[in-house]
Amino acid sequence: MTVLTLKNTMPGPSAPAFRFATLAAVCAGLWFTPASAQAQQQQQAQPSFQPPPSVRPTPSQLELSKLLWSTVAAVDHANQSGNYSVLRDISAQNFQINFNPARLTEIFSGLRNLNMDLSNALLVPPTYYEAPQMISNDVFRVRGVFQLRPISIGFDVYYQWEQGRWKLFGIDLQPQQMVEAQPVR
């Protein structure tokens, strides 16, 4: 048996950097795993069942505000770019099934044609008409307004618990005129 060695070769598996990279890859579960096997591992890691309602976290006031702000920001970006794919992709599965990007373009055309800057809603806290309501085991509804001048943004939004987080399930954003109180004479 003849062993051939080359002097100008790259360091092999005995090099310290290779051992460290191998250890890190094995610890991360990335060691030469085909993409389909990685996807299978990720699917197995996520539970395929919904936890009972008592285990689902109820969003705090700050978390609820962040959900609303991120939803309005996604609609604003979609309106500016004319591309509703991201809004659809970050939504719940039933939303994705019912609304393709072309349909969302149609739905938001009225709001888009108003050239309303929805990003202003990110500067104010939402005002709620009523407390968020659970309308089913995994869906809640929140209604209110972002009080802006001269035109406020009314919202009626539904979120569904899916894959360990709340995702957009339904949305209605409407411009609303601010009504100023008239002084009593």
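What follows is calculated from the coordinates using simple rules that are stated; it is not laboratory data. These numbers were taken from a predicted model, which means no experiment stands behind them. Heads up, the Cβs are rebuilt from the backbone with ideal geometry, glycines too, and the neighbour counts pull from every protein chain shown.
Data for the structure
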| read-out | value |
| --- | --- |
| Mean Cα-pair separation over length for segment 61-185, i.e. relative contact order, pairs under 8 Å, 6 or more apart, % | 20 percent |
| Cα-based Rg / Dmax (Å) for segment 65-185 | 15.1, 57 |
| Theoretical gain in end-to-end length, Gln177 to Ser109 [0.36 nm per residue, Cα-Cα removed] | 22.5 nm |
| Amide H partners (placed H, <5 Å) of Leu148, local residues excluded | Ile153 |
| Net charge dipole size for segment 61-156 [Lys, Arg +1 and Asp, Glu -1 on Cβ; Debye, nearest 20] | 120 debye |
| Nonlocal amide H pairs with Glu162, under 5 Å, H built at 1.01 Å | Lys167 |
| Ranked by how many other beta carbons lie within 10 Å on average, peptides 60-68, 165-173, 128-136 from highest | 165-173, 60-68, 128-136 |
